[in-house]
Amino acid sequence: MTLPAFQEVVLKAFLTPAVRFCLKHNIGIRSFFELTKQCFVHECAEEQQKQGQTVTASSLTVATGLNRREVTRITKGDSKVVEDSYLPRRILNRWEQTKQFTTKGGRPKVLTFEGEESEFSRLVRSVSQDVRPAALLAELERSSLVEFTPRGVKPLRVDQSVASDPNKILEVLAADSTRLIRAVEENAYLSQAPRNAHYITEFDNISRAKIPEIKTKLIALVSRFHQDVRKYLSRYDKDINKLPAEKGGCTVSVTTFSLATTPEDLPDPQK
C-alpha cells in the first residue's frame, strides 16, 4: 500500500535523525529492523490494552503487519520488568518544592541520610511507603541525580546530572522526542482548546563570534524559566499539596532546548 504523500514526508522527517544516529554509532540496518519490529509489537499491545481489547498474537499480527511467528518471538522474549520510573522524579520534586526540605532561600536542603529517622528517609516516606529509602537513594545515586557531601546528600539539577554521561543525555533525547511528537500530534488532530505550547524563536544571521556568549546566556534564561514553571506546577501537585477532593495522576511536561549552528554544521534538510 502506498503511503499518502504527507505521511511519507512526516515519517522521513522522524526517521532521518534516527538513521543518522545509527550511522554515527555503527548500528546496522538489521539491528534497526529488529528494534523497529519490537517497537511495533510493544506499542501496539499497549494501545490495544488502553482500548480495552484482548491482546493476542493474532490481533498484533493484523495490526502491525508482522507475521505471527515474528510476533510470538518478540512477545515471548519480552521479559523486561516495568519499574516505577516516576518515583525518583516525585521525590526530587517534593525535595525542591516543599518548605520542610528547602532553605529559607528556596533551595533544596542538604539532608542527612543514615538511619530510618534521617531527613532523607522522612522525605521518601512523605511520598511513598512502598519503597525503602536506602534503595531509593541508591537509585538516585546510580542515576547521578544526587551528590554526597560531608553534611549529607543533596539533589543535582538535571543539567548537572546528565552533562557528564552521554548515555543519559541520549535517554533524555528519547523521552523528549516522544513527548514532542505527542504534543504536536494532539495540536494537529485534536481541536479542543487549550492546545499544547509549541514555540520556536530563530534568527539565521547571528555573528559567529557571539555564539559562545549566546549559548551561556540562553542556559541562564531557560534555567530561570524552569524555576518559575516548577514553582507554578508545584501548586497543583498532589504529592506536595493536600488536594483530597481532586483526582490526580496527570503529568505535565515542559521541555526547552537551544541549538546554535554554522551553515556547514548540518546537512540541508531539503536534500
### Task
Please work out, to two decimal places, the log10 of the ratio I(q)/I(0) at q = 0.18, 0.24 Å⁻¹ from a Debye calculation in which every Cα of the stretch 200-262 carries one identical scatterer.
-0.75, -1.05
### Query
Using Cα pairs under 8 angstrom and six or more residues apart, how large is the relative contact order of the stretch 174-271, in percent?
27
### Mean Cβ neighbour count within 10 Å, used as a protection proxy, ranking 223-234, 111-122, 5-16 highest first
111-122, 223-234, 5-16
### Message
What value in Å³ per residue do you get for the convex hull of the alpha-carbon atoms in the chain?
### Response
217
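Where a number appears in this text, it was derived from the coordinates with a stated rule and is not lab data. Bear in mind that the values here come from a model prediction, so they are computed numbers and not experimental data. No Cβ is skipped: glycine too gets one built from the backbone with ideal geometry, and neighbour counts run over all protein chains shown.
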